[in-house]
Amino acid sequence: MAPPRKRRFDLVVFDWDGTLFDSTAIITRCIQNAVRDVGGTVPNDRDASFVIGMGLMQALAHAAPDVPPDRYPELGARYRFYYQAHQNDLSLFDGVPELLADLRSRQHLLAIATGKSRAGLDEVLAVGDLATRFDASRTADETAGKPNPRMLLELMAELGVAAGRTLMIGDTTHDLQLARNAGCASVAVSYGAHEPDSFHALGPLHVAHSVQGLHDWLKENG
């Protein structure tokens, strides 16, 4: 019998929306509706989805450059209105619970680095007791937003893991740049917010096209 394979990474950090949570399409529509409500030029699907993963106000300002800053609070309020109306429609991608359980069984530490707010992340983690599956998390409103490396640096410091033993997994170039800025390896998933053609310049170890594909790669390479 072959000896068990050694772990390459001690800490696996996931983005949330579009990576573990099937929310990309709804977030895109919520951004568009919020911009429309305050009279800005409504971004197309590609531009609206590009900002997913950033902190909320950073994302909305980028998606609606013609909305004046004094209307950002209203813009944020309209986004939250639409998102809260649909939050019960959202769920983990198929296969994510099994992926997390398998990583946990192999003694990986698991964490989240997300552009969501702390209140927003805690709300979704409370469903199905998901919070117990992760050892730590960072949100955009309690640290610097992506791609500033502070999120990952804080997680690594909290959990006592070096950059060379940390893997960041996400669906956007913001996630991959975050990993690069923090000196960590990354893996991209192509089923979320950003087109996979934009990933390769940022050097991910792998681009997974499904949760099962991600799971299979982590079994062999994680």
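The values are calculated or read from the model by the stated rules, or taken from the named source; none is laboratory data. In this text the structure is predicted, and so the values were computed from the model without any measurement. Glycine also receives a Cβ, built like all others from the backbone with ideal geometry; neighbour counts cover every protein chain displayed.
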If you check S91 against the conditions, is it among the polar types (S, T, N, Q), out of contact with any Pro (no Cβ under 8 Å at 6 or more places or on another chain), modelled with pLDDT under 90 and over 22 Å from G213 (Cα atoms)?
no
Filter region 131-145 down to the residues that are in contact (Cβ under 8 Å) with a residue 24 or more places away in the chain and either under 22 Å from D10 (Cα atoms) or of a type in the set (G, A, S) (or both) and list them by number.
R133, F134, D135, A136, S137, R138, T139, A140, G145
Matching residues in region 142-164 - criterion: being among the charged types (D, E, K, R) and either out of contact with any helix residue (DSSP H, G or I) (no Cβ under 9 Å at 6 or more places or on another chain) or buried (at least 16 other Cβ atoms within 10 Å of the Cβ) (or both):
K146, R150, E154, E158
Report, by residue number, each residue of region 7-38 that is touching a helix residue (DSSP H, G or I) at 6+ places or on another chain (Cβ under 7 Å), over 17 Å from K116 (Cα atoms) and part of a loop (DSSP other than H, G, I, E, B).
R8, F9, D10, V38
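Residue by residue, here is whether (1) of a type in the set (S, T, Y); (2) modelled with pLDDT of 85 or more holds:
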| position | (1), (2) |
| --- | --- |
| T24 | yes, no |
| V35 | no, yes |
| G39 | no, yes |
| A59 | no, no |
| R71 | no, yes |
| G95 | no, yes |
| L100 | no, yes |
Could you tell me which numbered condition D122 fails, if it satisfies all but one of (1) surrounded by 15 or more Cβ atoms within 10 Å (Cβ to Cβ); (2) part of a helix (DSSP H, G or I); (3) more than 13 Å from the chain's Cα centre (by Cα)?
(1)
